[in-house]
């Protein structure tokens, strides 16, 4: 009776030996659904067409196959060291799960060669793909209004070896600081930059905003109102003027100069309003402000956290902020927002509520940092640029996959590790019978994930480049 469990004194089964099985098993069964989803929307074919030129020899691996395996590496998230590919290369179950022949699995050296084939200019081709994906999501979601957030994200590389482009950032760590534009849970555009290029550096921000607005109006709807949210690092009259020219709205945090604080302190309480946000209460007053070199006054709203019910009475502990906006000034954007029943955003309280939504926007950065590594693997800036854009692109696909396929299993607000533990880390067996390859899971997993429904959804999505 060798191999059978032996009952202990307590009557429980006990494992007495370990052994090896020839069955094709995987602990990442959920990746099969993700691979099916990628094939359905056509992202791998798109990347093959855009970057196929970097394949220098017909003996080398196909570019689409490389991207597929790198995407699965990011979504798996077990380890972000490139040597992870060497461990996966020995796993026949993993190869079967992602629909790759075992001999086609990448090694760490082949992945390094792949990213080292990218120049900075070639990496810029990731941005049009992100833009296509963004327009695809807009056509699916059909939002009446579009709120964009522009911000930078510091990637801490303080403990890494010397990296080209790594500089001291405002967070007191050495790293990169890419400029990112987000919509809902998605990073829709990005400019990979060194750590010293903070906020509104050069003319990059104006060009990024102009490009996105043009794409939305030509690829989605010309009459869709667009509002841009930003922090004080983007407080610049050229950006504000560009928003006016593009006929889009903006809310931007301002810097609290002493003259602004003094004016707010002099405003009679009669002219203050009140905004409730959950358990927090904010007092606000409106003013017009014109900084030294500005060519016009801007609508500004001073806000202060009401701490009268708390033991926070000292002035230096009070949370104060300033918001600049062009909403509610009788411009075209006001008419556009009114047509979609968003006239509440034109009021003072509405502007405060809209701008406070930036807290939710910043959660996209948190999700991206959980999804992939901050510490990038290469010394050359161009190689890290390609690695970063691939990570951002995979994160976009992760958000799409979570919503389109896994929406009934986990919340669309769930962070990457939640999806990994719940969906991706699924034990499965791959069998071949009757000319078919079948992924088998336990009945409990089948019922818990409603795997049949997920499988059908993953294979029936429209291609993102169509429409």
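The values are calculated or read from the model by the stated rules, or taken from the named source; none is laboratory data. Predicted model only: the values in this text are computed from it and were never measured. Please note: Cβ atoms are built from the backbone with ideal geometry, for glycine as well, and neighbour counts cover all protein chains shown.
From 134, 118, 176, which residue is in contact with a strand residue (DSSP E or B) (Cβ under 6 Å, 6 or more places away or on another chain), modelled with pLDDT under 95 and crowded, with 16+ Cβ neighbours inside 10 Å? Write out each step before concluding.
Values: 134 fails: modelled with pLDDT under 95; 118 fails: in contact with a strand residue (DSSP E or B) (Cβ under 6 Å, 6 or more places away or on another chain).
Being in contact with a strand residue (DSSP E or B) (Cβ under 6 Å, 6 or more places away or on another chain), modelled with pLDDT under 95 and crowded, with 16+ Cβ neighbours inside 10 Å holds for just one of 134, 118, 176, which is 176.
Answer with yes or no whether residue 381 is farther than 27 Å from residue 184 by Cβ and either at pLDDT 90 or above or in contact with a strand residue (DSSP E or B) (Cβ under 9 Å, 6 or more places away or on another chain) (or both). Reasoning before the result, please.
Values: farther than 27 Å from residue 184 by Cβ: yes; either at pLDDT 90 or above or in contact with a strand residue (DSSP E or B) (Cβ under 9 Å, 6 or more places away or on another chain) (or both): yes.
When the stated conditions are applied, residue 381 passes them.
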Discussion item. Can you confirm whether residue 337 is modelled with pLDDT of 95 or more and surrounded by 15 or more Cβ atoms within 10 Å (Cβ to Cβ)?
Written reply: yes
Item to complete: Report yes if some residue within region 366-373 is over 27 Å from residue 93 (Cβ atoms) and exposed (fewer than 14 other Cβ atoms within 10 Å of the Cβ); otherwise report no.
Response: yes
Discussion item. Need the failing condition index for residue 18 against (1) surrounded by 18 or more Cβ atoms within 10 Å (Cβ to Cβ); (2) more than 18 Å from residue 398 (Cα to Cα), just the number.
Written reply: (1)
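Here's the yes/no breakdown for (1) surrounded by fewer than 12 Cβ atoms within 10 Å (Cβ to Cβ); (2) without any contact (Cβ under 8 Å) to a residue 60 or more places away in the chain; (3) closer than 20 Å to residue 26 by Cβ:
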{"position": "409", "(1), (2), (3)": "no, yes, yes"}
{"position": "420", "(1), (2), (3)": "no, no, yes"}
{"position": "425", "(1), (2), (3)": "no, no, yes"}
{"position": "434", "(1), (2), (3)": "yes, yes, no"}
{"position": "437", "(1), (2), (3)": "no, no, yes"}
{"position": "443", "(1), (2), (3)": "yes, yes, yes"}
{"position": "448", "(1), (2), (3)": "no, yes, yes"}
{"position": "454", "(1), (2), (3)": "no, no, yes"}
{"position": "459", "(1), (2), (3)": "no, no, yes"}
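Would you tally the residues in region 260-285 being part of a helix (DSSP H, G or I) and either outside the structural domain of residue 352 (by TED's automatic domain parsing) or under 21 Å from residue 345 (Cα atoms) (or both)?
In the first step, residues of region 260-285 are kept if they are part of a helix (DSSP H, G or I); the result is 260-266, 269-271.
After this cut, where a residue has to be either outside the structural domain of residue 352 (by TED's automatic domain parsing) or under 21 Å from residue 345 (Cα atoms) (or both) as well, the list is 271.
Residues in region 260-285 being part of a helix (DSSP H, G or I) and either outside the structural domain of residue 352 (by TED's automatic domain parsing) or under 21 Å from residue 345 (Cα atoms) (or both): 1 in total.
Between 217, 245, which is at pLDDT 95 or above and out of contact with any strand residue (DSSP E or B) (no Cβ under 9 Å at 6 or more places or on another chain)? I'd like the intermediate steps shown before the answer.
On the way: 217 fails: out of contact with any strand residue (DSSP E or B) (no Cβ under 9 Å at 6 or more places or on another chain).
From the options 217, 245, the qualifying one is 245.
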Fill in: Subset of region 332-383 (residues that are closer than 30 Å to residue 109 by Cα, in a helix (DSSP H, G or I) and over 14 Å from the mean Cα position of the chain (by Cα))
381, 382, 383
Item to complete: Kindly check whether there is at least one residue in region 185-195 that is modelled with pLDDT under 95, surrounded by fewer than 20 Cβ atoms within 10 Å (Cβ to Cβ), at negative phi and out of contact with any strand residue (DSSP E or B) (no Cβ under 8 Å at 6 or more places or on another chain).
Response: no
Worksheet item: For region 42-69, how many residues are within 23 Å of residue 127 (Cβ to Cβ), surrounded by fewer than 20 Cβ atoms within 10 Å (Cβ to Cβ) and touching a residue at least 40 places away in the same chain (Cβ under 8 Å)?
Response: 4
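Quick grid of which residues meet (1) surrounded by fewer than 20 Cβ atoms within 10 Å (Cβ to Cβ); (2) within 22 Å of residue 206 (Cα to Cα):
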{"position": "152", "(1), (2)": "no, yes"}
{"position": "155", "(1), (2)": "no, no"}
{"position": "159", "(1), (2)": "yes, no"}
{"position": "165", "(1), (2)": "no, no"}
